[in-house]
């Protein structure tokens, strides 16, 4: 991921320096377990434990010759070991994937914990914003067209619950990726005791795979990336709502716009929804990692490395991008400007057409058949309002009279109130209040 979208904490998780620190941690635990079992001399533990991790530059220099990153790492680390002779027992009985998959599990867990913390913060922001606007009337739209009265808090509550579900999904995915294996060349423990695998797993807070070949099957990693993609897409859904709300024709919502900020190099009046548009673009990056990672599940026999190059790009990119998105979405919703007066103006802009569903039901309750009588009557009145701008109550009155029906104006006044449409949302907001 480019530096522009990489936040420091998540960037460190995927840095080569941190990766080599984790590789050292895994190898030290294996050496300690071997020594406790009497497989290797106990006196090598101290020197190996004290050897500092090699620098990325040192590893890369050797890798340029060996064309093998693990061998390069082991050679560079051996150069840091005093006496160097102790390093010959490092990686004893292991294969490269034992080290790679175990350390990768640690990176995935670390990345997940960062994302979960930020998802928690975003859930809280969305919840509080929704509760603050549980009485802010607006028009609910379907297909982009005015439907019925709603409140802004209802729309945001939907996002809050969706983000909470995404967070819970990611928590489950954390368990799926917190899996390691130290089982040797083809997973048969031919040169290493399974007890060493269990020892390392326990020390690292990971779970030993129930079965492995040379690698841990990539279904868990695929689940993890999918959960990231869903969370990113929920962020995009929030952004899309803001983008629509900030359109000139709507003008109900405004992104934060800082002092000195510019919207266009050519048009000084512009206040563009750039945060939301950036979120839409970055969600594509996260989603794009799903298929390449899924294709790492089928490998040749006990292993090939077709998954390796994919994961070196896809896993950091997906988590770094989502980390950035969670920060940005929180900033968006924390600073979102809601124009309540404009929402009310838009709500009333169609001359009462937002009440057609209520009028339809009132006519049915008054004795008219729904499809043969009530629906055609209301639709004709509504179409006349669309075409002429005449208020719906007036066109309705005319068409009702033509059908020999006298409207109960007092009853219509009672039911054609926007507040009536949202009276039953209280239970939903109670559930939202309890969301954490």
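The values are calculated or read from the model by the stated rules, or taken from the named source; none is laboratory data. Here the structure is a predicted model, which means the values were calculated and not measured. Here the Cβ is made from the backbone with ideal geometry for all residues, glycine too, and neighbour counts use every protein chain on show.
Below, the figures for the structure above:
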{"quantity": "Selected residue [surrounded by fewer than 18 Cβ atoms within 10 Å (Cβ to Cβ), in contact (Cβ under 8 Å) with a residue 12 or more places away in the chain and either touching a helix residue (DSSP H, G or I) at 6+ places or on another chain (Cβ under 8 Å) or outside any loop (DSSP other than H, G, I, E, B) (or both)] from 172, 155", "calculated": "172"}
{"quantity": "In segment 71-91, the residues that are surrounded by fewer than 20 Cβ atoms within 10 Å (Cβ to Cβ) and within 40 Å of the chain's Cα centre (by Cα)", "calculated": "71, 75"}
{"quantity": "Conditions (1) surrounded by 13 or more Cβ atoms within 10 Å (Cβ to Cβ); (2) part of a helix (DSSP H, G or I): number failed by residue 423", "calculated": "(1)"}
{"quantity": "Boolean, residue 283 is within 23 Å of the chain's Cα centre (by Cα), in the same structural domain as residue 342 (by TED's automatic domain parsing) and touching a residue at least 12 places away in the same chain (Cβ under 8 Å)", "calculated": "yes"}
{"quantity": "Close pairs from segment 106-128: first under 20 Å from residue 221 (Cα atoms), partner outside any helix (DSSP H, G or I), Cβ under 7 Å, at least 6 apart", "calculated": "107/14; 109/178"}
{"quantity": "Test: residue in segment 106-114 that is in the same structural domain as residue 199 (by TED's automatic domain parsing), buried (at least 22 other Cβ atoms within 10 Å of the Cβ) and closer than 27 Å to residue 35 by Cα", "calculated": "yes"}
{"quantity": "Residue 319 surrounded by 14 or more Cβ atoms within 10 Å (Cβ to Cβ), at pLDDT 95 or above and closer than 21 Å to residue 19 by Cβ", "calculated": "yes"}
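This table checks each residue for (1) part of a helix (DSSP H, G or I); (2) assigned by TED's automatic domain parsing to the domain that holds residue 129.
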| site | (1), (2) |
| --- | --- |
| 304 | no, yes |
| 315 | yes, yes |
| 319 | yes, yes |
| 325 | yes, yes |
| 328 | yes, yes |
| 341 | yes, yes |
| 361 | yes, no |
| 374 | yes, no |
| 378 | yes, no |
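Yes/no per residue for (1) under 17 Å from residue 411 (Cα atoms); (2) touching a helix residue (DSSP H, G or I) at 6+ places or on another chain (Cβ under 8 Å):
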{"position": "364", "(1), (2)": "yes, yes"}
{"position": "367", "(1), (2)": "yes, no"}
{"position": "370", "(1), (2)": "no, yes"}
{"position": "377", "(1), (2)": "no, yes"}
{"position": "381", "(1), (2)": "no, yes"}
{"position": "384", "(1), (2)": "no, yes"}
{"position": "392", "(1), (2)": "yes, yes"}
{"position": "400", "(1), (2)": "yes, yes"}
